[in-house]
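Heads up: the structure comes next, in structure tokens.
The values are calculated or read from the model by the stated rules, or taken from the named source; none is laboratory data. Worth saying up front: this structure is predicted, and the values here are computed from it rather than measured. FYI the Cβ positions are ideal-geometry reconstructions off the backbone, even for glycines, and counts take in every protein chain you see. These area figures cover heavy atoms from the full protein model, side chains too; ligands, DNA and RNA do not enter into them. Shrake-Rupley method; radii C 1.70, N 1.55, O 1.52, S 1.80 Å.
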Amino acid sequence: MKTRPYFLLFLLFVAPLTFLSSCNKIKELTAVPVTMNLPRQHFTYSPTLLKSNEVILYAAKITINLDSLLSANGLSSSTIPTATFTNIAVTMERPADSTFHWLSSMRATVADNQAFNPEYTVGSVINTNPLAKTVIVTLNDVNIRPYLSQTGFYLRIYAVLNGPLPALTVGMFLDGTILLTIQPV
């Protein structure tokens, strides 16, 4: 007789918890990691007469078509619980023989709005090689999913300069890679 109330308590509390935790395990097992290279972003920078600690080298909306990404992976509906950068690199393009000798440091931030309010730092780098044509950002482990909408996110690159630029306008390009975790619904 005493076992019946315990059995009922088990059915009411423990069984649903076991079922719910197994659903989470199933979701984790069916999650698909997708690596996505961002489209190469070409940009130019012209120095201003005003000198401050940091200047904005680049700021733009990075467009991502999440619907196409899901379709390419055979998914009609899903959620994206995590999205993290795996690579951000800035490369000198013009003048062709120029390097980053004028760059002291750089940092990258993301936001979900054009005003970058609030913005979150996803990585930074100190330029230790003045002969480098490419600077690779050391990334923080930041989930950018909260800043990712159906159409993309906003990215900004700040820099601290340590000398004059090699030309009145320098051309650069930005490359990046994002790792998305996709869970079918």
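Can you spot a residue in the stretch 128-144 that is touching a Ser or Thr at 6+ places or on another chain (Cβ under 7 Å) and in contact (Cβ under 8 Å) with a residue 60 or more places away in the chain? Within the stretch 128-144, one or more residues are touching a Ser or Thr at 6+ places or on another chain (Cβ under 7 Å) and in contact (Cβ under 8 Å) with a residue 60 or more places away in the chain.
Listed conditions (1) open to solvent by 30 Å² or more (accessible area, probe 1.4 Å); (2) of a type in the set (S, T, N, Q); (3) part of a strand (DSSP E or B) are all met by residue 113, apart from (3). Screening the candidates 78, 68 for the property of being in contact with a helix residue (DSSP H, G or I) (Cβ under 7 Å, 6 or more places away or on another chain) and farther than 19 Å from residue 139 by Cα yields one hit, 78.
Do we find a residue being more than 26 Å from residue 48 (Cβ to Cβ), β-branched (Val, Ile, Thr) and not in a strand (DSSP E or B) anywhere in the stretch 148-161? Within the stretch 148-161, one or more residues are more than 26 Å from residue 48 (Cβ to Cβ), β-branched (Val, Ile, Thr) and not in a strand (DSSP E or B). Looking only at the stretch 145-161, count every residue that is within 27 Å of residue 104 (Cβ to Cβ) and open to solvent by less than 10 Å² (accessible area, probe 1.4 Å) and tell me the total. So the answer is 4.
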